[in-house]
Amino acid sequence: MKTQQYNTTRHMKAQSITAIFLAAVFLVACGPQGDDLDAKKAELDAARVTLAELRETIKRLEGEISAEDPDYFKAASSTIIVTSMPANKTHFEHKIEVRGAVMSRTNVQVGAEMGGKLNRVAVKEGDAVRKGQTLAVFDTEDIQRNIETLKTQLTFANTVFEKRERLWKKNIGTEIQYLEAKTNKESLEKQIASLNTQMKKTVVKAPFAGTIEVLPVKVGQVLQPGAPVAFLVGNSDMYITTEVSESFVGAFKKGDKVQATIPSLDDTFESEIISIGQVINEASRTFTLEVKLPKGPNYKTNQVVILQLTDYVNEDAVVIPSRIIQEDIKGNFVYLIDNNKAKKVHVELGLSYDNHTQVLAGLNGGETIVDKGNREVGDGSIVDVKN
């Protein structure tokens, strides 16, 4: 009954305001027309008096309504339209992105075991070679000459040894003479064998199949033992290597999945960690990871690779969009929706990835939080959810 009386009173007051306003409009409309300046001034004065009376009426009515219904003006002025979303528990993982490179275990500088002058270079840069194929040949004239000389000496030494042996078997001659002949023969045989080994080393062969990347020698060039003859690149045992900060020690294990992208080939594929370094680099404070590289005809040594490594996984994490998180002097917070009001709740945050953040404390999962409009509300604001 009281409410009905109040509504009747408010309706009557509203009709009074309307009547006063219409009267003012009528007075202005019916006022003196023409160019008479005094008449216009009088008309203006009358309008000002009417407007002042209207303002006084409005002010009085607002005061009376506020006293009887305090929420009338508050609801009309403070309701904020927002959207909401649930703070669900879900799968969450965090990844880091690092830069790596394609490497090969069959990249090697093929060097000269023997020094000397190059008589022949059998390949050129860019050639594909098979295992055991001849790459270069050194001059062997001196070695061959020495072998022929030693062979002549060996023939004579064999003759002497055979005679000493026959006489020794007949107990003729001394043991020293027999042993000297035998030692001389065996020494010459060893020298010839050594020269034959050197002869083989004058031919430089490919230790594995691959491609001649660099060929820094020319025919007629004199090289020292160990000097590089060719840089041979193979593709039979290629892999990806990268350096990771020591802060991630223990975060990865052999067999972990890795997403790899080779930008120059626009190629993305999933692989796995095959090796984890056990030494921290003193200068960079990093350790080495090796990632398996599938076989492919276009992969090149030192090619840039972008790797995404998963260092954290939680199958039952409370996850919210990072954009709705705000911060004040007490820390990070979000707004919940509780009985059509915004409720400020401080949260403890974990890792963030892909524009989402894990909440470690403050939310249990299942709460309804303010999404769009979260920057407009305050603690206790009345909200109107329009999803």
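The values are calculated or read from the model by the stated rules, or taken from the named source; none is laboratory data. Quick caveat: nothing in here was measured; it's all calculated off a predicted structure. FYI the Cβ positions are ideal-geometry reconstructions off the backbone, even for glycines, and counts take in every protein chain you see.
If you check G226, G255, which single one turns out to be in a loop (DSSP other than H, G, I, E, B), closer than 30 Å to G115 by Cβ and touching a strand residue (DSSP E or B) at 6+ places or on another chain (Cβ under 7 Å)? Talk me through it step by step, then tell me what you get.
On the way: G255 fails: closer than 30 Å to G115 by Cβ.
Testing whether each residue is in a loop (DSSP other than H, G, I, E, B), closer than 30 Å to G115 by Cβ and touching a strand residue (DSSP E or B) at 6+ places or on another chain (Cβ under 7 Å) leaves just G226.
Looking only at residues that are of a type in the set (V, I, T) and part of a strand (DSSP E or B) in segment 376-387, which one is surrounded by the fewest Cβ atoms within 10 Å (Cβ to Cβ)?
In the first step, residues of segment 376-387 are kept if they are of a type in the set (V, I, T); the result is 377, 382-383, 385.
Going one step further and asking which of them are part of a strand (DSSP E or B), we end up with 382-383, 385.
Values: I382: 16, V383: 24, V385: 14.
The residue in question is V385.
Can you tell me how many residues in segment 339-359 are without any contact (Cβ under 8 Å) to a residue 24 or more places away in the chain, part of a strand (DSSP E or B) and surrounded by 13 or more Cβ atoms within 10 Å (Cβ to Cβ)?
The number of residues fulfilling the criteria is 2.
So how many residues does segment 209-237 have that are surrounded by fewer than 16 Cβ atoms within 10 Å (Cβ to Cβ) and aromatic (F, W, Y)?
Result for segment 209-237: 0.
Evaluate segment 261-270: report whether one residue or more is surrounded by 14 or more Cβ atoms within 10 Å (Cβ to Cβ), in contact (Cβ under 8 Å) with a residue 60 or more places away in the chain and within 20 Å of S104 (Cα to Cα).
Scanning segment 261-270, I find at least one residue that is surrounded by 14 or more Cβ atoms within 10 Å (Cβ to Cβ), in contact (Cβ under 8 Å) with a residue 60 or more places away in the chain and within 20 Å of S104 (Cα to Cα), so the answer is yes.
Going residue by residue through segment 299-317, is there one that turns out to be closer than 30 Å to L232 by Cα, touching a residue at least 24 places away in the same chain (Cβ under 8 Å) and among the small types (G, A, S)?
Looking only at segment 299-317, we keep the residues that are closer than 30 Å to L232 by Cα, and these are 299-307.
Checking the rest, the ones that are also touching a residue at least 24 places away in the same chain (Cβ under 8 Å) come to 299-307.
Then drop every residue that is not among the small types (G, A, S), which leaves none.
So far as segment 299-317 goes, no, none of its residues is closer than 30 Å to L232 by Cα, touching a residue at least 24 places away in the same chain (Cβ under 8 Å) and among the small types (G, A, S).
Give me the strands (runs of 3 or more DSSP E) completely within segment 265-338, filtered to those with at least 2 residues that are not charged (D, E, K, R), ordered by residue number.
Working: elements: 267-276, 286-292, 304-321, 326-328, 331-338.
The strands (runs of 3 or more DSSP E) meeting that bar are 267-276, 286-292, 304-321, 331-338.
Can you tell me how many residues within segment 168-214 are part of a helix (DSSP H, G or I) and not hydrophobic (A, V, I, L, M, F, W, C)?
In the first step, residues of segment 168-214 are kept if they are part of a helix (DSSP H, G or I); the result is 168-169, 175-201.
After this cut, where a residue has to be not hydrophobic (A, V, I, L, M, F, W, C) as well, the list is 169, 175, 177-178, 180, 182-187, 189-191, 194, 196-198, 200-201.
Summing the residues that are part of a helix (DSSP H, G or I) and not hydrophobic (A, V, I, L, M, F, W, C) in segment 168-214 gives 20.
Scan segment 241-248 and tell me whether some residue there is surrounded by fewer than 19 Cβ atoms within 10 Å (Cβ to Cβ), closer than 22 Å to G296 by Cβ and touching a strand residue (DSSP E or B) at 6+ places or on another chain (Cβ under 7 Å).
As a first pass, look at segment 241-248 and keep what is surrounded by fewer than 19 Cβ atoms within 10 Å (Cβ to Cβ): 241, 243, 245-248.
Applying the additional criterion that residues be closer than 22 Å to G296 by Cβ yields 241.
Next cut, touching a strand residue (DSSP E or B) at 6+ places or on another chain (Cβ under 7 Å) only: 241.
For segment 241-248, residues surrounded by fewer than 19 Cβ atoms within 10 Å (Cβ to Cβ), closer than 22 Å to G296 by Cβ and touching a strand residue (DSSP E or B) at 6+ places or on another chain (Cβ under 7 Å): present.
Would you mind telling me which numbered condition in (1) surrounded by 16 or more Cβ atoms within 10 Å (Cβ to Cβ); (2) free of Cβ contacts under 8 Å to residues at least 12 places away in the same chain I324 fails?
(2)
Restricting attention to segment 305-322, which residues are among the aliphatic types (A, V, I, L, M) and either out of contact with any strand residue (DSSP E or B) (no Cβ under 9 Å at 6 or more places or on another chain) or under 15 Å from F269 (Cα atoms) (or both)? Please lay out each step first, then the result.
Let us first name the residues in segment 305-322 that are among the aliphatic types (A, V, I, L, M), namely 305-307, 309, 313, 317-320.
Residues satisfying the conditions are V305, I306, L307, L309.
Six or more apart or on different chains, Cβ atoms under 9 Å: show the pairs whose first residue is in segment 206-218 and free of Cβ contacts under 8 Å to residues at least 60 places away in the same chain and whose second is in a strand (DSSP E or B) and surrounded by 14 or more Cβ atoms within 10 Å (Cβ to Cβ).
P216/P228; P216/V229; P216/A230; P216/F231
State whether one or more residues within segment 79-99 are at pLDDT below 85 and more than 30 Å from V347 (Cα to Cα).
Checked against the condition, which is being at pLDDT below 85 and more than 30 Å from V347 (Cα to Cα), segment 79-99 yields no hits at all.
Conditions (1) modelled with pLDDT of 55 or more; (2) surrounded by fewer than 13 Cβ atoms within 10 Å (Cβ to Cβ); (3) in the same structural domain as G365 (by TED's automatic domain parsing), marked per residue:
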position	(1), (2), (3)
V28	no, no, no
Q33	no, yes, no
D36	yes, yes, no
A46	yes, no, no
I65	yes, no, no
P70	yes, yes, no
K74	yes, yes, no
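Return yes or no: is G373 touching a residue at least 60 places away in the same chain (Cβ under 8 Å), in contact with a Pro (Cβ under 8 Å, 6 or more places away or on another chain) and either assigned to a loop (DSSP other than H, G, I, E, B) or closer than 30 Å to A251 by Cβ (or both)?
The answer is no for G373.
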